[in-house]
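Student: I'd like to ask some things about the structure below.
The values are calculated or read from the model by the stated rules, or taken from the named source; none is laboratory data. It should be emphasised that the depicted structure is a prediction, and the values quoted were computed from it without experimental measurement. When we count neighbours, we look across all protein chains shown, and the Cβ atoms used for this are built from the backbone with ideal geometry, even at glycine.
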Amino acid sequence: MNPPLERNRKFTAALLLAPMVLLLLGFLVVPVAGVLRSSFLDGDYLLEGTGFTVGHYLRFFSDSYYSSILWETFVDGVIVSLICLVVGFPTGYSLARLPPLARRWRTIIVILPLTLSLVVIVFGWLIILGRNGLLNSVLFNLGIISSPKTLLFTRPAVILVLVQQFLPFMILSVLSVVTQIDPVLEQAASNLRANRLVTFRRVIIPLATPGILVGCNLVFVLSISAFITPRLIGGNRVPMLGSLIYERIMSEFNWPSGAAMAFILFVAGLGFTAAFNALAASRLVMGGRLHAR
C-alpha cells in the first residue's frame with residue numbers, strides 16, 4: 001500500500017475521531033476526575049478541604065448501613081432489569097416482525113414516554129399511587145379493598161416506576177437486533193420440526209443476545225443511578241444510593257462524602273456490568289461451540 005495514502009487515511013480517521021475524543025475528555029473524564037479528587041478531601045465541605053484522606057471511603061465500608069444500601073440498590077437494579085427483559089423482549093420481538101409502517105407508528109408510541117420530563121412522570125405516579133389516588137379509588141370501587149392502602153413509600157412502588165421509566169430502552173435494544181434476524185431462519189427451524197419454544201430458545205435468543213445485553217446494561221445502570229424516583233416515590237423508607245448521594249451533596253453540602261459514594265457507585269456498577277458481560281459472552285461462546293459439535 002502507498003505509504004502517503006496510508007498516512008492520509010490515518011490522519012482523516014484521527015480528524016473524524018477528534019470531536020468524540022474531546023467530548024469524552026471534557027464531559028466524562030474531567031468530571032469523573034474531579035469527583036475522584038473531591039472524594040479525597042479531608043473536610044466535610046468542598047471549599048474547606050485541602051488535604052488528602054481516605055476517611056470517607058473507610059467510613060462508607062465500615063458502616064453496615066451504607067453497605068446495605070449499596071446491596072439493595074444493586075438488587076433493585078437487577079430486579080428492574082429482569083422485569084424489563086421479561087416484558088420488553090416479547091414487545092420488541094413483536095414490533096420487529098410487524099410491517100415497516102405499523103412498526104414505525106408503534107415504535108413512536110414506545111418512545112413517547114422518553115419525551116416527557118422525569119419529574120412530570122414521577123408526579124403523575126404520585127397521583128396514581130396516593131391514598132386518594134387513581135389506583136386506590138379503582139380497587140375500592142371494585143370491592144377489592146375495604147380502605148385505601150399505602151402504596152407509596154414502598155419498594156414495589158419504586159420498582160414499578162423504574163420499570164415504567166426504563167422499559168423503552170429494553171424494547172428499543174431488542175427491536176434493533178431482532179429486525180436484523182432473517183425470518184427465514186425461523187421458517188427453516190420450523191421445517192426441521194422445531195416448535196415455537198425450541199425455535200425461540202435455540203435460534204432467536206442466541207442471535208438476539210447482543211440486544212439483550214445492551215438493554216440489560218442500560219436499564220441496570222440507569223436504575224442504580226436513579227435519585228428522583230427513589231427520593232419521591234420511596235422517600236426515607238426505601239433508600240437507594242443515588243438518592244443518598246443527592247441528599248449528602250444538595251442537602252448537607254458534604255461534597256467529599258457524596259463524591260466518595262458517587263465514585264464507589266461508579267466503580268461498583270462498572271465492575272458488575274463488566275463481569276456480567278464477560279460471563280454472558282463466555283456462556284455464548286461455549287453454547288456456540290456445543291451447537292457446532
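Student: What pairs come up if the first residue lies in the range 122-134 and is of a type in the set (Gly, Ala, Ser), the second is surrounded by fewer than 16 Cβ atoms within 10 Å (Cβ to Cβ), and their beta carbons are under 7 Å apart, counting only those six or more places apart or on different chains?
Tutor: Once the first residue is of a type in the set (Gly, Ala, Ser) and sits in the range 122-134, its partners that are surrounded by fewer than 16 Cβ atoms within 10 Å (Cβ to Cβ) give Gly133/Ile127.
Student: More than 14 Å from the chain's Cα centre (by Cα) and under 18 Å from Thr154 (Cβ atoms): which single residue out of Arg231, Arg248 fits that description?
Tutor: Exactly one residue qualifies, and that residue is Arg231.
Student: Name the residue, out of Arg237, Arg202, that is within 19 Å of Val75 (Cβ to Cβ) and of a type in the set (Lys, Arg).
Tutor: So the residue among Arg237, Arg202 that is within 19 Å of Val75 (Cβ to Cβ) and of a type in the set (Lys, Arg) is Arg237.
Student: Among the residues that make up the range 137-151, is at least one of them β-branched (Val, Ile, Thr) and under 17 Å from Ser176 (Cβ atoms)?
Tutor: Taking every residue of the range 137-151 in turn, none turns out to be β-branched (Val, Ile, Thr) and under 17 Å from Ser176 (Cβ atoms).
Student: Take Ser282 and tell me if it is among the polar types (S, T, N, Q), in a helix (DSSP H, G or I) and free of Cβ contacts under 8 Å to residues at least 12 places away in the same chain.
Tutor: yes
Student: Here is a follow-up. Among Thr273, Thr199, Thr209, which is the only one that is touching a Phe, Trp or Tyr at 6+ places or on another chain (Cβ under 9 Å) and either closer than 30 Å to Val54 by Cβ or not hydrophobic (A, V, I, L, M, F, W, C) (or both)?
Tutor: Going through Thr273, Thr199, Thr209 in turn, the sole match is Thr273.
Student: Exactly one condition in (1) assigned to a helix (DSSP H, G or I); (2) exposed (fewer than 15 other Cβ atoms within 10 Å of the Cβ) is false for Ser81; which is it?
Tutor: (2)
Student: Looking at the range 229-268 only, could you name the residues that are of a type in the set (Gly, Ala, Ser), over 21 Å from Leu160 (Cβ atoms) and without any contact (Cβ under 8 Å) to a residue 60 or more places away in the chain?
Tutor: Ser251, Gly258
Student: Can you confirm whether Gly88 is surrounded by 15 or more Cβ atoms within 10 Å (Cβ to Cβ), touching a helix residue (DSSP H, G or I) at 6+ places or on another chain (Cβ under 9 Å) and part of a helix (DSSP H, G or I)?
Tutor: For Gly88, the condition - surrounded by 15 or more Cβ atoms within 10 Å (Cβ to Cβ), touching a helix residue (DSSP H, G or I) at 6+ places or on another chain (Cβ under 9 Å) and part of a helix (DSSP H, G or I) - is met.
Student: Ala102 versus (1) part of a helix (DSSP H, G or I); (2) modelled with pLDDT of 90 or more: which is the lone unmet condition?
Tutor: Here Ala102 clears every test but (2).
Student: Now for a different question. Restricted to the range 20-65, and to residues that are part of a helix (DSSP H, G or I) and of a type in the set (Ser, Thr, Tyr), which residue is surrounded by the most Cβ atoms within 10 Å (Cβ to Cβ)?
Tutor: Ser39
Student: With respect to Ser68, determine if the residue is surrounded by 13 or more Cβ atoms within 10 Å (Cβ to Cβ), within 27 Å of the chain's Cα centre (by Cα) and of a type in the set (Ser, Thr, Tyr).
Tutor: Criteria not met by Ser68.
Student: Considering the range 33-56 alone, what residues qualify as being at pLDDT 85 or above and more than 18 Å from Arg248 (Cβ to Cβ)?
Tutor: Ala33
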